1. What are the residues in segment 141-153 that are more than 12 Å from ligand 3 (Cβ to nearest atom) and open to solvent by 10 Å² or more (accessible area, probe 1.4 Å), if any?
2. Could you say whether any residue in segment 207-220 is without any contact (Cβ under 8 Å) to a residue 40 or more places away in the chain, more than 29 Å from residue 318 (Cβ to Cβ), more than 12 Å from ligand 1 (Cβ to nearest atom) and open to solvent by 30 Å² or more (accessible area, probe 1.4 Å)?
3. Tell me the strands (runs of 3 or more DSSP E) entirely within segment 48-143 that contain at least 2 residues that are hydroxyl-bearing (Ser, Thr, Tyr).
4. Could you identify the single residue in 335, 348 that is in contact with a strand residue (DSSP E or B) (Cβ under 7 Å, 6 or more places away or on another chain) and touching a residue at least 24 places away in the same chain (Cβ under 8 Å)?
5. Could you tell me whether residue 183 is assigned to a loop (DSSP other than H, G, I, E, B), within 16 Å of ligand 3 (Cβ to nearest atom), at negative phi and not aliphatic (A, V, I, L, M)?
6. Checking the condition open to solvent by less than 60 Å² (accessible area, probe 1.4 Å) and either acidic (Asp, Glu) or more than 16 Å from ligand 1 (Cβ to nearest atom) (or both), which residue from 16, 42, 54 passes?
7. With respect to the numbered conditions (1) modelled with pLDDT of 95 or more; (2) open to solvent by less than 40 Å² (accessible area, probe 1.4 Å); (3) not charged (D, E, K, R); (4) not in a strand (DSSP E or B), which one is the sole condition not fulfilled by residue 325?
8. Filter segment 359-390 down to the residues that are part of a helix (DSSP H, G or I) and surrounded by 16 or more Cβ atoms within 10 Å (Cβ to Cβ) and list them by number.
Amino acid sequence: MSLIVQKYGGSSLADAAKIKNVARRIAKTRKAGNKVVVVVSAMGDTTDDLIKLAFQVNKDPEERELDVLLSTGELVASTLLAMALHGMGQHSISLSGAQAGIRTDDAYSMARITDIDPSRILKELNKGNIVIVAGFQGINKDSDTTTLGRGGSDTTAVALAAALKAERCERYTDVDGIYSTDPRLLPKARKLRDISYDEMLEMVSYGSKAVQPRAVELAEVYNIPFLVASSFNSNPGTLIHKEVSMEIVNKVRSIAYDLDVAKITILGVPDKPGVAAKIFVPLAKAGVSVDTIVQNASVKNITDLTFTVAKSDLEAAMKVVQPIAKAVGARQCIGDPQWGKVSIVGSGMQNTPGYAARMFDTLSKAGVNIQLITTSEIRITCIIERVKVKEAVTVLHQAFELDKKN
Ligand code: ADP
Ligand code: ASP
Ligand code: MG
């Protein structure tokens, strides 16, 4: 008997009919002779609605209370799904993150799982129950509820698959799998048969909202095959795993984009040892993660420094950086929220020349001006104006022939 972890996202559980649809699919997996652990997200837009509500009663809600509030969305979905399964004659039990043994650190709203005690889940499985776990949550050492960051149910699912030594983890959602780019932006995007952990990690770290990045990291560390498929049909999904098939290696596989980029430029910085540390250490302490960093070659010991942060972090970043810029004698510090990112990703790009040239040439022919460039071995990213992102994705998708069979 195999043990399978299935995760259903908010769009798959948005109303009573959809919950019943999910219950039928789970019952089918159970009847096929598998042990099943299911992780659920909150129904539809529940998490967004709860956040709005919290900010309506207090502009600066206390983080402990906010995490408890947000965790309730997943509890609602888990109990309703268990009830739907009972209605179909299936033995099933819902568990909160705490009951499922998920322990985390203290970082409210972005807690990390520190360990999992799977004993209660195993006990329920042995009793013949389908176990439904409320995703996105755990408890810290004081038994207070914590949440794992937006999209955190993905991480719950993969972490449970690792702790339970499940055969695989399946993520069911409103699209048929992982596409060459977000099908919502470009309907002619093509579904990929499979993709490597590394490629997937680059995609989701550079803006594609297809899976929570930490879930991909965990799947890679524990080598858990991770299937992404639709909860509304039975089309084959996309398998995220270690190696992709030989014949598709030498290619760009996908285009990721991010519409949430802000740029900070510090002009006229005296070029002395320690200046970068003076700026970036306090930013890290303030919880702002910095992405692309570019420092110009200095002229007469004066240089310019540019870096990007998430648009939502711009205000916090400027509060940290402005006084430091002044203290180190910089001429000016400018924050600009109008940016976006477009990336081409593919392990076939490694050690193969020509991809960067083709990307820059394609963007230039489309009149897209590149502000900054950053690369990894399997990714090239350009920071461009936000209003040009859709056009950039479209022309790059065409130039790298991603609408052709992969
Ligand atoms: P769920 O409701 O299941 O949690 P999500 O919104 O978290 O769904 O994830 C599914 C969405 O991810 C899709 O509707 C799609 O628009 C988006 N997405 C972004 N990039 C991609 C991609 N490359 N392939 C597939 N889906 C993508
Ligand atoms: N409900 C949470 C969110 O919307 C967690 C999740 O869906 O995975 O981010
Ligand atoms: Mg989601």
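1. Result: 141, 142, 143, 144, 145.
2. yes
3. 92-95
4. Matching residue, one of 335, 348: 335.
5. Considered against the rule, which asks whether it is assigned to a loop (DSSP other than H, G, I, E, B), within 16 Å of ligand 3 (Cβ to nearest atom), at negative phi and not aliphatic (A, V, I, L, M), residue 183 comes out as yes.
6. The match here is 54.
7. Checking residue 325 against (1) modelled with pLDDT of 95 or more; (2) open to solvent by less than 40 Å² (accessible area, probe 1.4 Å); (3) not charged (D, E, K, R); (4) not in a strand (DSSP E or B), the one that fails is (1).
8. Of everything in segment 359-390, those that are part of a helix (DSSP H, G or I) and surrounded by 16 or more Cβ atoms within 10 Å (Cβ to Cβ) turn out to be 359, 362, 363, 386, 388, 389.
The values are calculated or read from the model by the stated rules, or taken from the named source; none is laboratory data. Here the structure is a predicted model, which means the values were calculated and not measured. Heads up, the Cβs are rebuilt from the backbone with ideal geometry, glycines too, and the neighbour counts pull from every protein chain shown. Each accessible area value is taken on the protein alone, full model and side chains, heavy atoms only, with ligands, DNA and RNA left out. Shrake-Rupley method; radii C 1.70, N 1.55, O 1.52, S 1.80 Å.
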